[in-house]
Structure formats: C-alpha cells, structure tokens
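Written below as structure tokens is the structure these notes are about.
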Amino acid sequence: MAAQNRHHLPSASELTIDIRAVHAGEGTNKVAGVSGVVKEVEGSSLTEYQAGDEVLASIVLERRAGLITSTETVNVETSFVCRKPAGVSFQDAASLPTALVGVQAALHELCSRESQWDLDSGSRNATPAILITGSETLIGTVLVKVLHERLPLAHRYSTCSGPDDDGLGKLVCRLVPLGAIYAIDAEALELLKHLRAASEQYNGPEGKGAIIDVVGLVARRPELRDLLIGQKLFFDLEVQCAEERRLEPLLNAVKNLAAYAEALGEVAGTMRGVDDTVEEVM
C-alpha cells in the first residue's frame with residue numbers, strides 16, 4: 001500500500017486533492033477522513049475522476065509523516081477515494097470515512113457468525129436480532145444502513161438519544177428508512193422490556209442475538225445483556241477499535257471506500273437538519 005502524503009509526486013494511480021476539511025476519529029489514530037476537490041489526475045488511465053470533482057478520501061496516518069491540515073494538498077490512491085455525496089458540506093463529508101473504522105470492525109465480527117445464523121432457512125427463529133446502540137451517532141447510523149445491505153435478512157434494532165423530544169423524534173424517523181426494524185429512546189425506563197417484546201415479535205422467543213455497543217450503553221445498563229440469546233455476540237466497539245491488531249482489517253475497509261459510497265451518501269443525506277449529529281460521533 002503506497003504512502004499517502006504531500007511530499008511525493010503523484011503516481012499513475014493517484015489523485016491530487018486540495019483538502020477542504022479533515023476529520024480524525026477520537027477512537028483511533030490510524031485513519032483520517034478528508035474531503036476536498038480534485039486538483040490533478042496524474043494517471044492517463046484514471047478516467048473516473050476529473051479536476052474539479054468533489055471527493056472523499058481515507059488517509060492512513062501511520063503511512064505518512066506529519067499531521068494533516070485543511071490547507072494542504074495530498075496525493076491519494078484512487079482505491080482510497082470516492083465522490084462526495086451531493087448537498088453534503090465538506091465538513092460533514094470528511095467524517096464519513098473515519099466512521100468506516102468502527103463499521104468494518106463490527107461487520108467483521110457479525111459476518112464471521114453468518115454461517116451459524118443460517119440466514120437462508122426462512123425460519124423466524126433462525127433470523128438474528130442485531131441491537132445497535134448509539135444510532136444517533138455517525139457510526140451507529142452507518143451500521144444500520146450497511147447491515148441492512150450486507151445482512152438483509154437480519155432484523156436490526158436500534159437505540160438512540162436526542163437533545164430533546166423533538167430531536168429524538170427526528171433521529172428515530174430517519175433510522176427506519178435506513179434499515180432499522182425498531183428504534184427506541186435509549187433512556188426509556190423499561191428499555192429491556194420494550195426491546196425484548198420487539199425481539200420476540202419479529203424474531204421469536206428463540207431468536208439469535210447480537211449487540212453492537214457503539215456508545216457504551218451496556219456498561220450503563222447491563223440488563224441489556226439479557227437480550228443475548230442463541231448464538232451470543234457482544235461487541236464493544238470502543239474497545240475493539242482501540243486494539244492495534246485490528247489495523248489491517250480496518251485498512252481493507254477504507255481502501256475500498258467506493259464500495260460504501262452509496263450507503264455513506266444516503267446516511268449523510270439524513271444528517272441535514274439534525275443538530276450536532278456529526279460532531280458528537282467520533
């Protein structure tokens with residue numbers, strides 16, 4: 001994998017990007033997201049992009065010297081680049097690539113269990129119930145969308161928190177179109193009761209369960225572990241993303257950023273009008 005920095009001439013597989021915004025996730029120092037405008041297309045075979053195109057890119061921090069700023073130009077391999085979703089600000093767009101660090105970590109765990117879940121059996125009890133906490137965050141929202149695409153037969157439940165009832169209502173309303181079968185306020189007094197009832201309704205009493213804890217909700221409400229039945233999987237995203245040994249699987253995700261472009265664009269489109277969603281994520 002080639003280094004990504006401003007100090008070398010672009011190769012035949014690289015774009016030169018004028019950076020407009022940078023976002024480095026707090027949960028990892030490995031990857032930064034940038035958004036900007038294509039300044040130069042060096043390779044004659046690179047026909048997908050032209051000068052002036054607005055793009056997103058993932059920058060592998062361990063493979064470059066120095067910090068990234070929003071005032072520089074950077075050379076990036078095209079496999080780390082995709083088009084910026086239309087109508088999304090450069091600032092909001094820059095946070096999308098770093099969300100993939102958490103998303104890919106969770107997907108790796110879930111897909112490793114897919115064969116055990118027997119998703120093609122058609123049985124309600126064989127369909128996994130996946131609870132995603134923190135769906136108000138960028139990572140949580142992208143997870144709902146990407147899991148809907150990658151594991152379409154699974155049922156996705158989500159919890160979210162909002163600044164007030166009106167803000168919470170907006171968050172819940174956007175989760176169902178993105179792929180959540182059920183969404184609820186994370187601060188609900190009888191949260192476990194409501195989630196268990198929903199799980200039994202959609203998945204049956206012997207359904208198989210997984211929790212992807214994006215925001216540490218289970219640490220605050222440990223009773224949620226009672227939802228884990230059948231093939232159990234509890235995934236604490238904050239802990240897993242901090243492990244150095246997970247670097248290569250995460251790089252595989254950001255190196256194929258374009259594969260996530262449609263999902264990222266749809267999620268980014270839902271952010272408009274929801275206060276502080278991006279800023280509180282990473």
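Structural remarks
- For residue 30, the conditions (1) of a type in the set (Lys, Arg); (2) under 19 Å from the mean Cα position of the chain (by Cα); (3) at pLDDT 85 or above are fulfilled apart from (3).
- Segment 98-141, residues that are β-branched (Val, Ile, Thr), at pLDDT 70 or above and farther than 16 Å from residue 161 by Cα: 98, 103, 130
- Here segment 71-97 is the region considered, the condition is being in a loop (DSSP other than H, G, I, E, B) and in contact with a Leu (Cβ under 8 Å, 6 or more places away or on another chain), and the residue that is modelled with the highest pLDDT is 84.
- Screening residue 35 with (1) among the hydroxyl-bearing types (Ser, Thr, Tyr); (2) at pLDDT 75 or above; (3) surrounded by fewer than 17 Cβ atoms within 10 Å (Cβ to Cβ) gives one miss only, at (3).
- Checking segment 54-70 against the condition returns a match, with at least one residue being in contact with a Leu (Cβ under 6 Å, 6 or more places away or on another chain) and either among the polar types (S, T, N, Q) or modelled with pLDDT under 85 (or both).
The values are calculated or read from the model by the stated rules, or taken from the named source; none is laboratory data. In this text, all values refer to a predicted model and were calculated from it rather than measured experimentally. Methodologically, a virtual Cβ is constructed for each residue, glycine included, from the backbone with ideal geometry; neighbour enumeration extends over all protein chains shown.
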